[in-house]
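The values are calculated or read from the model by the stated rules, or taken from the named source; none is laboratory data. For clarity, every value in this text was computed on a predicted model and none was experimentally measured. Using ideal geometry, Cβ is built from the backbone for each residue, glycine included, and neighbour counts are taken over all protein chains shown. Ligands, DNA and RNA are excluded from the accessible area calculation, which covers all protein heavy atoms including side chains. Shrake-Rupley method; radii C 1.70, N 1.55, O 1.52, S 1.80 Å.
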Amino acid sequence: MTRKGVQHRLTRVFLIQILFISLATVLGVWATAKIIENVLVKEALMKEAEHYWQLYQRDPDFPRPNTRHLLGLLVDGRTQDPVPEILLSLPDGYQRVTLDGEQPLVYIEHKGEARLYLIFDEQRVSVLAFMFGILPLTGVLLVIYLTSFLGWRKSRELVSPLVRLSETLRYANVLDPRQARPDFTQVEAEPGSEASVLIAALDAYADRLLRFVERERQFTRDASHELRTPLAVFRANLELLERQVGHRPLIDRMSDTVDDMEALVETLLLLARTEQRPASESLVVNDVVANLIERLQPLAERKQIHLRVKQKALLSLEASETVLNIVFTNLIRNAINYSGSGRITLVVVADAVHVVDTGTGMDREELARLLKPFERGSSSEGGYGLGLAIVQRLCERFEWHLDVASQPGKGTDVRVRFR
């Protein structure tokens with residue numbers, strides 16, 4: 001499970017929830033204590049003083065309040081209760097005073113020459129408040145914490161199959177058909193749950209996909225044999241025919257067609273073997289391009305096309321020579337077919353190779369259409385409509401970049417960028 005996984009987020013939400021509940025509880029208790037102290041207790045002491053003054057007017061000797069939590073002291077012409085010295089200098093009103101190491105609440109009020117001191121011992125009340133307020137509140141908090149924890153555990157149990165499923169799919173080796181099928185038996189889920197339905201659907205989908213891949217691999221093996229064999233026979237008969245009747249333009253045209261077909265078959269088989277990557281080696285792209293120019297020069301001359309290479313930099317690359325040959329052969333043959341009798345230049349720069357022709361060029365709509373399989377331009381040379389589409393797929397597979405720039409009447413510039 002990654003730190004950004006579902007279970008981690010659930011745990012974080014649970015902890016944040018507990019934090020907010022605790023913070024809200026503390027603030028609530030603090031606010032309640034302030035309300036009790038500043039409103040309820042103050043109001044109660046004022047009412048107690050008012051009630052005492054009414055009784056005092058009837059009987060000046062009426063006893064002062066003296067209970068477990070409240071002590072009343074009176075100072076007038078007849079009565080001199082032992083008032084602590086610190087209270088004598090205090091003004092009338094409601095305030096907190098330090099007495100004998102404690103901080104009771106004191107309410108002072110006078111009527112004429114008489115002065116009344118009400119001392120409220122909130123410590124004992126606090127014990128009662130703790131017993132009848134804080135303890136029940138703590139019980140409620142514990143219930144909230146317990147239910148939240150149980151909800152968190154249940155949520156983890158519900159998403160746990162999804163987490164294990166994502167980990168199984170993440171580490172599945174999809175590039176190797178023998179190991180591409182994920183092992184869903186390790187993912188346990190409740191029967192009938194959404195996770196169970198998802199696992200069953202993925203399992204069925206994986207079976208269908210692997211059967212499809214196996215049929216494609218079988219077709220690749222069969223096509224490799226069935227297509228190469230007749231082409232080899234056809235080439236051998238062309239060579240025999242040329243020895244018998246001599247050099248003929250028609251034989252050259254048929255030989256070029258066989259070359260195109262062999263290159264096409266090799267390319268399609270390479271693209272079909274998705275689990276295999278051709279071995280890479282250190283190559284000098286300039287040498288690869290020069291060899292291709294030399295090999296395709298006769299084809300270009302027969303079509304009255306001037307084929308040349310312009311080397312502006314030395315380009316070294318870790319790649320498969322077979323793949324490079326397929327890419328540049330398709331680009332050059334495509335340029336030959338659509339250049340009429342113009343000029344094709346291969347330009348090697350520091351990080352790319354340009355194939356520039358002086359043909360009729362293409363507009364945006366035609367260019368977008370030619371990048372799709374089995375789409376052809378307006379050339380009378382024929383073809384299979386796969387050239388640029390094949391190059392594009394190979395570039396995507398090997399993480400190269402294919403850029404095509406073209407304008408009607410100004411030719412086309414195809415760039416293969418390797419970095």
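Points to keep in mind about this one:
- Within segment 82-93, tally of residues that are closer than 15 Å to residue 109 by Cα, out of contact with any Asp or Glu (no Cβ under 9 Å at 6 or more places or on another chain) and either not polar (S, T, N, Q) or not in a loop (DSSP other than H, G, I, E, B) (or both): 5
- Residue 222 fulfils the conditions (1) without any contact (Cβ under 8 Å) to a residue 60 or more places away in the chain; (2) open to solvent by less than 50 Å² (accessible area, probe 1.4 Å); (3) farther than 30 Å from residue 164 by Cβ except for a single criterion, (2).
- Among the candidates 343, 415, residue that is at pLDDT 85 or above, open to solvent by 50 Å² or more (accessible area, probe 1.4 Å), touching a Ser or Thr at 6+ places or on another chain (Cβ under 6 Å) and not aromatic (Phe, Trp, Tyr): 343
- Condition check for residue 322: touching a residue at least 40 places away in the same chain (Cβ under 8 Å), part of a helix (DSSP H, G or I) and open to solvent by 10 Å² or more (accessible area, probe 1.4 Å): yes
- Any hit, segment 361-369, residues being open to solvent by 60 Å² or more (accessible area, probe 1.4 Å) and under 25 Å from residue 256 (Cβ atoms): no
- Restricting attention to segment 65-85, the residues that are closer than 23 Å to residue 44 by Cβ and either out of contact with any Phe, Trp or Tyr (no Cβ under 7 Å at 6 or more places or on another chain) or of a type in the set (S, T, N, Q) (or both) total 8.
- Conditions (1) open to solvent by less than 80 Å² (accessible area, probe 1.4 Å); (2) of a type in the set (D, E, K, R); (3) at pLDDT 85 or above: number failed by residue 122: (3)
- Selected residue (criterion: farthest from residue 337 (Cα to Cα)) from residues of segment 240-249 that are assigned to a helix (DSSP H, G or I) and at pLDDT 80 or above: 244
This table checks each residue for (1) open to solvent by less than 70 Å² (accessible area, probe 1.4 Å); (2) in contact (Cβ under 8 Å) with a residue 40 or more places away in the chain.
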{"site": "42", "(1), (2)": "no, yes"}
{"site": "45", "(1), (2)": "yes, yes"}
{"site": "49", "(1), (2)": "yes, yes"}
{"site": "69", "(1), (2)": "yes, yes"}
{"site": "72", "(1), (2)": "yes, yes"}
{"site": "90", "(1), (2)": "yes, no"}
{"site": "99", "(1), (2)": "yes, no"}
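- Checking each residue in segment 302-316 for being over 23 Å from residue 407 (Cβ atoms) and surrounded by 17 or more Cβ atoms within 10 Å (Cβ to Cβ) picks out only 315.
Rundown of residues vs (1) surrounded by 13 or more Cβ atoms within 10 Å (Cβ to Cβ); (2) not in a helix (DSSP H, G or I), yes/no style:
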site	(1), (2)
188	no, yes
191	no, yes
198	yes, no
204	no, no
207	no, no
212	no, no
226	no, no
233	no, no
238	yes, no
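- Considering only residues in segment 181-219 that are hydroxyl-bearing (Ser, Thr, Tyr) and touching a residue at least 12 places away in the same chain (Cβ under 8 Å), the one that is farthest from residue 263 (Cα to Cα) turns out to be 193.
- Residue match in segment 373-389 (condition: more than 16 Å from residue 291 (Cα to Cα) and at pLDDT 80 or above): no
- Single residue of 183, 260 found to be under 26 Å from residue 300 (Cβ atoms), open to solvent by 40 Å² or more (accessible area, probe 1.4 Å) and modelled with pLDDT under 75: 260
- Residue in segment 41-50 that is within 20 Å of residue 99 (Cβ to Cβ), at pLDDT 85 or above, in contact with a helix residue (DSSP H, G or I) (Cβ under 8 Å, 6 or more places away or on another chain) and not charged (D, E, K, R) present: no
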